[in-house]
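Okay, structure first, notes after.
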Amino acid sequence: MNAVVVEALTKRFTDFAAVDGVSFEVPAGQVVALLGPNGAGKTTTLEMLEGFLTPTTGTARVLGVDPRRGDRRWRARIGLVLQSTSLDAELTVRDTLAIFAGLYPHPRPIDEALDLVDLADDAGTRVGLLSGGQRRRVDVAIGIIGRPEVLFLDEPTTGLDPEARRRAWSAVGNLTTAGTTVILTTHYIDEADHLADRLILLAGGRVLADTTPAGLRSQGGPAVIRYRPPGDSSRDGLPPSLAPYLDPDTQTLIVPATDPAVPLRDLLNWADRHHLDLAGVQIGQPSLEDAYLAAIGEPAGPKVSPS
């Protein structure tokens, strides 16, 4: 059974097609990440599935219903976590959830929702005193308080620190084990890799790829050599074949190579001259981020400045 069915969905704003003929189906219980650069059409697609925008052409069905015609009973079956929300800063977390729970016929117990998003210890804290990560988990708790069959998450962890992001991932993971269908947008490739069963890549309003994380990696192009030289090594002496691939932020060599033997030989000679240990060298498939960048037409690895 499909929880979501999208057929040739298009949304135009005057002459601009924000979404241009998008089609996909999402089986019940699946977690799907919509990926793509800014302006790819991710949020516009979500807003049509949520019933906030009317498609120019095409059709969408969520739980068998056209979102534009969804009534209160239908809305009680979906959950939304928008990019930003405005909550009463003076209310406690528990009181906030109690208000939203009152909007649903069969809400999830508040203590259960608090446990799912790891906020049980903060139930009595006023919303205005919460950290950004805690506030975002309140947003997720609001999205799940009605026991949704389909949950839409629009950039659920943007701006959160790594620990807060992983706590939010845990909350989503708790839901998916119970069979909730999740459709999320994110700019974090590791987030999509951690959460999603399936990736739909959008660019220019169109679907570029519909695959799994493993499937995308397999399409990512040549092998990649990764090596982080020791901190006291002389990177200035890198041979010309390797120097453009040194990431200045991480000080890591990231070398795409159809034939790894050539750059490996250069790396071996350079390391031998500088008496460096090559135990940390890795050769493998492109990372999911490398494969994603290749799919949307962006170069992977460090940017090379023109001379």
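Taking the criterion of being among the β-branched types (Val, Ile, Thr), farther than 17 Å from residue 95 by Cβ and modelled with pLDDT under 85, would at least one residue in region 148-163 satisfy it? Outline the logic, then answer.
Pass one, region 148-163, residues among the β-branched types (Val, Ile, Thr): 150, 157-158.
In the following step, the residues that additionally are farther than 17 Å from residue 95 by Cβ were identified as 150, 157-158.
Next cut, modelled with pLDDT under 85 only: 158.
Yes.
Conditions (1) among the charged types (D, E, K, R); (2) at pLDDT 95 or above; (3) out of contact with any His (no Cβ under 7 Å at 6 or more places or on another chain), marked per residue:
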position: 25; (1), (2), (3): yes, yes, yes
position: 45; (1), (2), (3): no, yes, yes
position: 84; (1), (2), (3): no, no, yes
position: 103; (1), (2), (3): no, no, yes
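Just to be sure, is residue 95 surrounded by fewer than 20 Cβ atoms within 10 Å (Cβ to Cβ) and closer than 20 Å to residue 142 by Cα?
Values: surrounded by fewer than 20 Cβ atoms within 10 Å (Cβ to Cβ): yes; closer than 20 Å to residue 142 by Cα: yes.
The answer is yes for residue 95.
Going through region 245-266 one residue at a time, which ones are surrounded by 15 or more Cβ atoms within 10 Å (Cβ to Cβ) and not in a loop (DSSP other than H, G, I, E, B)?
Taking region 245-266 as the starting set, the residues that turn out to be surrounded by 15 or more Cβ atoms within 10 Å (Cβ to Cβ) are 245-246, 252-257, 260, 263-264, 266.
Within region 245-266, 245, 246, 252, 253, 254, 255, 256, 257, 263, 264, 266 meet the criteria.
Regarding residue 183, is this residue in contact (Cβ under 8 Å) with a residue 60 or more places away in the chain, more than 30 Å from residue 17 (Cβ to Cβ) and among the aliphatic types (A, V, I, L, M)?
The answer is no for residue 183.
Report every pair of residues separated by at least 6 positions or lying on different chains whose Cβ atoms are under 7 Å apart, first residue within region 1-13 and small (Gly, Ala, Ser), second not in a strand (DSSP E or B).
3/28; 3/63; 3/149
Which of the residues that make up region 30-62 are touching a strand residue (DSSP E or B) at 6+ places or on another chain (Cβ under 6 Å) and on the phi > 0 side of the Ramachandran plot?
The answer is 36, 41, 58.
Is one or more of the residues making up region 106-126 polar (S, T, N, Q) and modelled with pLDDT under 90?
For region 106-126, residues polar (S, T, N, Q) and modelled with pLDDT under 90: absent.
Which of the helices (runs of 4 or more DSSP H) contained wholly in region 157-237 include at least 2 residues that are farther than 20 Å from residue 288 by Cα and among the hydroxyl-bearing types (Ser, Thr, Tyr)?
Details: elements: 162-176, 189-195, 213-218.
Correct list: 162-176.
The values are calculated or read from the model by the stated rules, or taken from the named source; none is laboratory data. Remember, it's a predicted structure, so these values are computed and weren't measured experimentally. Note that each Cβ is placed from the backbone with ideal geometry, even for glycine, and that neighbours are counted across all protein chains shown.
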